[in-house]
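Right, one structure below, let's go through it.
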């Protein structure tokens, strides 16, 4: 089974990427939908118990944020992958400015996540690592080269 963890600041394309690449095969775990850590934990536990592939579609900016997902997934013999989304603050703020309603994040929130962002490392326990960037509104996926 497979656990995928997204990492990147808001407005870098994570949810759109999920819809394009994993909607048919993985369940989406997202604080945007579940709203509380308790609901998220229950849903995550259900995925693990059912051996259901899942994607954690949150910002997961720090190694500590990612660790709990990695540890739980590994304890259930899931293969764990990370997709790091290129996080350029100016690009994210511009994309965010086109959003409306609850999807629009205050700029201070995006800047705050950027300050906490830690680039994922293999030492965290990932089985595979990928780098995702947007180019001409298309996702470019690269194998992790251990440098950004």
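Does residue 116 qualify as being in contact (Cβ under 8 Å) with a residue 12 or more places away in the chain, out of contact with any strand residue (DSSP E or B) (no Cβ under 7 Å at 6 or more places or on another chain), exposed (fewer than 15 other Cβ atoms within 10 Å of the Cβ) and under 20 Å from residue 25 (Cα atoms)? No; evaluated as a whole, the condition is false for this residue. Among the residues making up the stretch 44-64, a single one is surrounded by 15 or more Cβ atoms within 10 Å (Cβ to Cβ), closer than 23 Å to residue 109 by Cβ and either without any contact (Cβ under 8 Å) to a residue 40 or more places away in the chain or over 11 Å from the mean Cα position of the chain (by Cα) (or both): 63.
Which residues, taken from the stretch 36-68, are outside any helix (DSSP H, G or I) and either closer than 15 Å to residue 118 by Cβ or out of contact with any strand residue (DSSP E or B) (no Cβ under 6 Å at 6 or more places or on another chain) (or both)? Spell out the reasoning first.
Here is the first cut: in the stretch 36-68, the residues outside any helix (DSSP H, G or I) are 36, 51-62.
Residues satisfying the conditions are 36, 51, 58, 59, 60, 61, 62.
Can you confirm whether the stretch 20-29 contains a residue that is at pLDDT 95 or above and part of a helix (DSSP H, G or I)? Yes, the conditions are met somewhere in the stretch 20-29.
When you scan the stretch 133-148, how many residues do you find that are surrounded by 15 or more Cβ atoms within 10 Å (Cβ to Cβ) and over 16 Å from the mean Cα position of the chain (by Cα)? So the count comes out to 0. If you scan the stretch 119-143, which residues turn out to be farther than 16 Å from residue 88 by Cβ and touching a residue at least 40 places away in the same chain (Cβ under 8 Å)? Selection gives 120, 121, 124, 125, 126, 127, 128, 129, 130, 141. All of 85, 130, 126, 78 fail the test of being modelled with pLDDT of 95 or more, surrounded by 15 or more Cβ atoms within 10 Å (Cβ to Cβ) and farther than 15 Å from residue 6 by Cβ, apart from 78.
Out of the stretch 69-93, which residues are under 29 Å from residue 42 (Cα atoms) and part of a loop (DSSP other than H, G, I, E, B)?
76, 77, 78
Could you tell me how many of the residues in the stretch 96-110 are crowded, with 16+ Cβ neighbours inside 10 Å and either part of a helix (DSSP H, G or I) or at pLDDT 95 or above (or both)? Give the derivation first.
Applying the first criterion (crowded, with 16+ Cβ neighbours inside 10 Å) to the stretch 96-110 yields 96, 105, 110.
Those still in the list that are either part of a helix (DSSP H, G or I) or at pLDDT 95 or above (or both) too: 96, 110.
Residues that pass the stated criteria total 2.
The values are calculated or read from the model by the stated rules, or taken from the named source; none is laboratory data. Predicted, not measured: the structure shown is a model, and the values here were computed from it. FYI the Cβ positions are ideal-geometry reconstructions off the backbone, even for glycines, and counts take in every protein chain you see.
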